[in-house]
Amino acid sequence: MIKTRTWIIIILVLLAASGGITAFLYAKKAPGSIANVYVDGECVYSVDLSLVTQGYTREIISKDGSVNTLSIEPGRICISAADCPDQVCVHTGWIADSVAPIVCLPHRLVVRIEGNSAKEESEFDSVVR
Amino acid sequence: MNYFKIYAKKTIVIFCVLSLCLLTSCSTKRQGMSGLFGKNGEEKHTRTIFSMDTVMDLTIYGDEEVLDEAEELIKGLEDKLSVTDSASEIYMLNQEKCARVSESTAELIQGAIDLCDKTKGALDISIYPVVAEWGFTTDHHHVPEESHLAALLQNVDYSGIKVETMGNGNEVSYTVSVEENMSIDLGSVTKGYTGELVRELLLEKGVTSALLNLGGNVQTVGAKPDGSAWRIAVTDPMQPESYLGFVEIIDQVVITSGGYQRFFEEDGVRYHHVIDPSTGYPANNGLSSVTIIGDSGMHCDGLSTALFVMGLDGAIRFWQEYGDFEGIFVDDDGNIYVTEGLEGNFSPLKGRKMQVIRK
C-alpha cells in the first residue's frame, strides 16, 4: 500500500510538473518580451518586460569597469546612460520588440528582446538604421 | 493487492505517456509556428558577429557551415579594409601613399571612386582626415578650428586616388596610390559591399533565403522561406526608437544614412558624423535621413551618404537622372518623400503622410 501511495505521489508530481512546464512555455511565449543583456556574447542580465509594473534603472558593470545603465519600463528597455565614448547605445533609445537590438560596441554589450517566439511573430523581419 | 499495484503501474505509464505527448505536441507546434525551417526543410541558423566596428546579425536557411564561411569572408574583408588596423591594406596605403592590394580591395576602391565621380564629390572617400579631426574615428569628439579644417580640405579630392592593374591572366596585380597628405577610408561603402559579397557566397552555396543585418544595413537574399517579401522597418530619424514605416523587398538591400545615431553635442549644438566634403562640417542640407533601396549593396551604401549630403533637391535631381535605385528621404521637419518605385512597397506607419516623387 505504501508503495502504491508513493507511486501516486510520483504521478501527481509528474503531472504537476508537466502541467507547470506547459503553462510556463505558453505563458512565457505569449507576450514575447524578455530582455537579455549580453556582454561578449555571455548573458549577464535578463528581465521579463511583461512583468515589469514600475520603471527602474539597473547598472551593468563589465569586468573592465565600464558601465551601461539600463532603464526598464513595462514592455520596453533602453540604455539611458553609459560611459562609452560614442554614446550610440544611448542614442538608439527605447526598444520594445525583437526586431533590432541595442548595441554598445565599445563595451561589446548587446540588449536583445527575445527568449520566445517573438521574433517570428513580430511584424518586421529587420530594421534599417 | 497485486491487482491494485498493477493497476497503479498502468496508470503511471499512461500518465507518463500522456504528459510526454502533451509536451512534445506543444513543442512541435511551436517550431512549426515560429518558422524554424525553410520551404524545403532547410534549417534556420542565426549568428551574431562583431566586425567592422559594428554588430552583424546573419540569419540563413541552410547548412550551418555556410555561416562559418560567411564569417570567414567578413573577417577577411575587415582585415584588408580596416582603416585603423596597422596590418590592413588600407592602413598600408594611407601610410605609404602607394600599396599593392588584393583584387577585392582594388575592386571596392575603383567602385567607390566611380561613385564619388557620379555624385560629383558629395561622396568622397578621401574625407577621412577631416572626419578624424572631428574625432569620429577615435571618439575624442570636438569642433575643430576653422583654419585647421580649411587646411585639411585642401587634400580632400578623390581624383587623386589611382587604381592600376598590371599584368594579365593569372599574373594580375593591383596597385593603388593616393596623393601626398591624402588618406582614404572606405567606411561609407564597406558594409554594403560586404553584404553584396556575402549574398554571392550564400547563393553559391545553395542558400536561397537569408537576411543579413550588417550594423543597420539590411541585405536580403531571395524571399522569405514562404515566398513572401521581407518586411524591413525604417528608423524614424526624429525618434530613433520608433519606425517611419516599412519596405517590402526581395533579394535587395536597404541602407540608411542619417545624423541621428553617431553625433556629439558641444555648447548645445549637435554635430553628426556625416561630413560634407565641400564644407568640412556635418552635412546640413535639410535632410535628417536618406534610405536607399537597390540591388547593389556598395552602390546603395555610397549613395545613402552622398544623397544625404546633397540635400532633398539634389537627391531628387540625382534620382531623376539615374533612377537605378529607390529612395526614402526625410527632411528636417519629418516630412517623408519616396521615389515612385516604392509606391506600394513602402508603407508609412501611424497614419503618417508621404509625398511621392516622380520623374
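The values are calculated or read from the model by the stated rules, or taken from the named source; none is laboratory data. Since this is a predicted model, take the numbers as computed values, not measurements. Ideal geometry is used to build each Cβ from the backbone, glycine not excepted, and the neighbour counts take in all protein chains shown.
Remarks
- Unique residue being basic (K, R) and either exposed (fewer than 12 other Cβ atoms within 10 Å of the Cβ) or free of Cβ contacts under 8 Å to residues at least 40 places away in the same chain (or both) when the list is B:K162, B:K191: B:K162
- Single match in B:L73, B:L18, B:L23 (criterion: of a type in the set (A, V, I, L, M) and either at pLDDT 70 or above or under 19 Å from B:V218 (Cβ atoms) (or both)): B:L73
- In summary, strands (runs of 3 or more DSSP E) completely within the stretch B:199-294 and bearing 2 or more residues that are hydroxyl-bearing (S, T, Y) and crowded, with 19+ Cβ neighbours inside 10 Å occur at B:253-258, B:287-294.
- Residue list for the stretch B:115-162, filter: within 17 Å of B:V178 (Cα to Cα), β-branched (V, I, T) and touching a helix residue (DSSP H, G or I) at 6+ places or on another chain (Cβ under 7 Å): B:I125, B:V130, B:V156, B:I161
- In the stretch A:44-108, counting only strands (runs of 3 or more DSSP E) that sit wholly within it, the ones holding 1 or more residues that are closer than 24 Å to B:F136 by Cα and among the polar types (S, T, N, Q) span A:67-73, A:76-82.
- Close contacts from the stretch A:75-104, counting a first residue that is more than 10 Å from chain B (Cβ to nearest Cβ) and a second that is among the charged types (D, E, K, R) and part of a helix (DSSP H, G or I), with Cβ to Cβ under 7 Å and a gap of 6+ residues or different chains, come to A:S98/A:K119.
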